[in-house]
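*Asks:* Can you read through this structure? Questions will come right after.
Every number here is computed from the coordinates shown, using simple stated rules; none is lab data. Being a predicted model, the structure only gives us computed values, none of them experimental. Counting neighbours? That spans all protein chains shown, and the Cβs are built from the backbone with ideal geometry, glycine included.
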């Protein structure tokens, strides 16, 4: 039986359908918006429990046929998953994962596929809705409903499910994806152009109003055709074993967790684990069962200590770890920085390139360009591990995208700063919030490269531990606090406001009042980090290093573009070969010159101006005498060459050209126009009483 529900979200209409396509999946929903059609399916390997984690896989894919395109690769079929698809998969995953029951460990797969795409539809938000609806009507245990959507703020007003092109408009200052359940915020991610912290609260409240009808529609769909949820029983507990492990290991854990350094603390915890297992292992209690109980005790002890104000490294709940900053330590790079916060460290470089060095990527609706790139790398040595390095994974792509959003909000426009800029962050040490260290280090590296940021930016990660009515909000969380806690909330921006935000939680939903408290504490932490960075920021000269490329822009008349390029491009190629600069000519006559250094760029600009100048009738110019004939002299103004007849050299009769001029002499001339053949006519006689100061000098 096919069932359809129609919901209105602001001015937009969304249709939810089920029972027609993919009926063998455990849950399948089609979401339609305008010409867009997205299918989400859920399949669960019921009865097949894994040991100690929840193997949820979320895959969002876009079919190129959805945009009426044939893939541009060699095989002419969809290839490996793109970064955009990875980021959308992560958004969906983070919207769903917190709402599965604790202890659920059955392999589950959510597949979201775009089969038809309208350029006026926001595919990310619709993908979250489709996946949430498919899971809600399935037989998989799930504490929904939940829904998410993309939200833009333009001119102070919030708009849901926007046309993606709207995000590029100058009056759009917030771009967020927010997922909420009936109880509160589940997931949040987005960017902004330095908006006050209060604007984020307003966005969440507005999202709640827009999401409410979607939740109603999902529930209506579930009532009409939803399957009965499979029963889920939490893993059996053994109170006697848990008590024995507590008596044997609790004091040892308190001692171990008092060690402020990461690796000594982990070693002490593992030593305690070994001692407890050796003491309790018997025919009744296996080493595996004791170890599982001990892991549970670790979480209990750590959370209880935090709720009592005792963090693992001895800090106060709102205290930021010690910070050191250094710039320019990579002498051959255009800009570099080493940012260290506690046991987290990022080595960041900034590289400047030309406009054509941008990244081009294929989308359903055409090719897009990106002139600001940020690549985040997490090598295994940063956490003291041995692991194969196989390129960036989903986590690295997600962390890099978050840091890029944070810095993008303060980058100059491509028109005012015609460079492609790449930031590369290598995490050399990690113990919590390496993405926010990338933001801080990236800011310093960009300033070190002379990039004129609108304002310095810092980022901070917040955590949360909650038991019943007791909550503790943590500033600048450690890796262990992230693993054992209930929230990972990252906020980045300058002193004046926010440029990027990301929030995940394990509570299922985060009450809004608790979110407000975390946001206020994050603002204080972010300002503290900026105050520590400030002396290093003030020491920057704002100048591009001598060895860095220099961009200069010169405007020529569009009609002179052909002359600048020359036959077969030879004139332009000759300038590039002589100066070492890269030259990009735009259709409107703007010419962007990327020199190897300042001298290279200036030489190329001068040569371009020499070729492309327009001489004005009646204008005064300085000209170089290049040859002398009986009937006159040939002179050159920049790249323009013309003859001055002997009668136009001076007042009265001139017996010999050589008696008035010499080769190599620089003289003042006036442009008289052109003859019947279009040849330039110049006169020295008409300029004799003029000052050289009034001449245009090339």
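*Asks:* Give me the extension gain from residue 596 to residue 319: residue separation times 0.36 nm, minus the current Cα-Cα distance, reported in nm with one decimal. Don't skip to the answer; put the middle values down first.
*Replies:* Working: separation 277, 0.36 × 277 = 99.72 nm, distance 4.52 nm.
So the extension gain works out to 95.2 nm.
*Asks:* What is the angle, in °, between the Cα long axis of helix 570-579 and the longest principal axis of the Cα atoms in the chain? Nearest 10 is fine, range 0 to 90.
*Replies:* 80 degrees
*Asks:* For each of 596, 578, count neighbouring Cβ atoms within 10 Å of the residue's Cβ, then give the residues from fewest to most.
*Replies:* Numbers: 596 16, 578 12.
Ranked by crowding around the Cβ, least crowded first: 578, 596.
*Asks:* Another question, if that's okay. Mind sorting 471, 621, 60 by how few other Cβ atoms lie within 10 Å of their own Cβ, fewest first?
*Replies:* With the fewest neighbours first, 471, 621, 60 line up as 471, 621, 60.
*Asks:* Please work out how much length the chain gains when fully extended from residue 224 to residue 23, using 0.36 nm per residue of separation minus the C-alpha to C-alpha distance, in nm with one decimal.
*Replies:* Values: separation 201, 0.36 × 201 = 72.36 nm, distance 1.52 nm.
Net length gain for the segment: 70.8 nm.
*Asks:* Helix-derived [θ] at 222 nm for the chain: sum -39500 (n - 2.57) over DSSP H runs of at least 4, divide by residue count, nearest 500? Mind showing how you got there, number by number?
*Replies:* Working: 13 runs with 209 residues, N = 698.
When only DSSP H runs of four or more count, the value is -10000 deg cm²/dmol.
*Asks:* Give me 371, 483 ranked fewest to most by other Cβ atoms within 10 Å of their Cβ, as a rough exposure proxy.
*Replies:* On the way: 371 20, 483 14.
Going from sparsest to densest Cβ surroundings: 483, 371.
*Asks:* A follow-up question, please. Can you compute the FRET efficiency between residue 675 and residue 555 using 1/(1 + (r/R0)^6), with r the Cβ-Cβ distance and R0 = 30 Å? Round to the nearest 0.05. Provide the component values of the computation, followed by the final result.
*Replies:* Values: r = 29 Å, r/R0 = 0.98.
E between residue 675 and residue 555, to the nearest 0.05, is 0.55.
*Asks:* For residue 586 and residue 686, what is the calculated FRET efficiency with R₀ set at 41 Å and r taken between the beta-carbons, to the nearest 0.05? If you can, show how the numbers build up before the last one.
*Replies:* Working: r = 37 Å, r/R0 = 0.91.
Efficiency for this residue pair is about 0.65.
*Asks:* Turning to a different aspect of this structure: Could you work out how far apart the two model spin labels at residue 534 and residue 467 are, taking each label as a point 7 Å from the Cα in the direction of the beta carbon, and quote it in nm?
*Replies:* Modelled inter-label distance: 4.0 nm.
*Asks:* Something else about it: Using only Cα atoms and rounding to the nearest 10 degrees, what angle (0 to 90) does helix 434-448 make with the longest principal axis of the chain?
*Replies:* 20 degrees
*Asks:* Please sort 225-235, 184-194 by packing, taking for each peptide the average over its residues of neighbouring beta carbons within 10 angstrom, highest first.
*Replies:* Details: 225-235: 11.6, 184-194: 23.0.
Most protected by this proxy first, the peptides run 184-194, 225-235.
*Asks:* Applying 1/(1 + (r/R0)^6) with R0 = 22 Å to the Cβ-Cβ distance of residue 234 and residue 270, what FRET efficiency is obtained, to the nearest 0.05?
*Replies:* Numbers: r = 27 Å, r/R0 = 1.22.
Using R0 = 22 Å, I get an efficiency of 0.25.
*Asks:* Further question on the same structure: Using a simple spin-label model with points 7 Å from Cα along the Cα→Cβ vector, what separation in nm is obtained for residue 258 and residue 414?
*Replies:* Spacing of the two 7 Å Cα→Cβ label points: 5.9 nm.
*Asks:* Ordered by packing density, taken as the mean number of other Cβ atoms within 10 Å over each peptide's residues, highest first, how do 496-507, 209-220, 126-137 rank?
*Replies:* On the way: 496-507: 22.2, 209-220: 19.7, 126-137: 29.3.
Descending mean neighbour count gives 126-137, 496-507, 209-220.
*Asks:* State the extension gain, in nm to one decimal, for the chain segment bounded by residue 139 and residue 617, taking 0.36 nm per residue of separation less the distance between their alpha-carbons.
*Replies:* Numbers: separation 478, 0.36 × 478 = 172.08 nm, distance 8.38 nm.
Gain on stretching residue 139 to residue 617: 163.7 nm.
*Asks:* Would you work out if the stretch 620-694 is rounded, prolate or oblate? Take a ≥ b ≥ c from the square roots of the eigenvalues of the alpha-carbon gyration tensor; rounded if a/c is under 1.5, else prolate when a/b is larger than b/c, oblate otherwise. Before the final figure, lay out the partial values.
*Replies:* Values: a/c = 1.24, a/b = 1.09, b/c = 1.14.
Judged from the Cα gyration tensor, the stretch 620-694 comes out rounded (a/c under 1.5).
*Asks:* On to the next question. How tilted is helix 123-137 with respect to the longest principal axis of the chain? Cα atoms for both, answer in degrees (0 to 90, nearest 10).
*Replies:* Approximately 10 degrees, to the nearest 10.
*Asks:* Considering the zone a paramagnetic label at residue 360 would reach in this model (a point 7 Å from Cα along the Cα-to-Cβ line), which residues of the stretch 60-91 have amide N under 14 Å from it?
*Replies:* Within reach of a label on residue 360: 72-73.
*Asks:* When a/c is below 1.5 the answer is rounded, else prolate if a/b is larger than b/c, else oblate, so apply that to the chain with a ≥ b ≥ c taken from the square roots of the Cα gyration tensor eigenvalues.
*Replies:* On the way: a/c = 3.13, a/b = 2.03, b/c = 1.54.
Prolate is the answer for the chain, as a/c is 1.5 or above and a/b outweighs b/c.
*Asks:* Ranked highest first by the average count of other Cβ atoms within 10 Å around their residues, in what order do 522-530, 174-182, 246-254 fall? Could you put the intermediate results ahead of the total?
*Replies:* Working: 522-530: 20.2, 174-182: 22.9, 246-254: 17.6.
In decreasing order of mean packing, 522-530, 174-182, 246-254 become 174-182, 522-530, 246-254.
*Asks:* Separation between the residue 650 and residue 300 pseudo-spin-labels, each 7 Å from Cα along Cα→Cβ, expressed in nm?
*Replies:* Taking the simple label geometry, residue 650 and residue 300 are separated by 11.1 nm.
*Asks:* Kindly list the residues of the stretch 632-664 that lie in the label zone of residue 563, defined by a backbone N under 14 Å from the point 7 Å along the Cα-to-C-beta vector.
*Replies:* Within reach of a label on residue 563, which here means backbone N under 14 Å from a point 7 Å along Cα→Cβ, the stretch 632-664 contributes 636-642.
*Asks:* Still on this structure, I have one more. The stretch 123-195 to the stretch 28-102: how many Å between their Cα centroids?
*Replies:* First find each Cα centre; the distance between them is then 16 Å.
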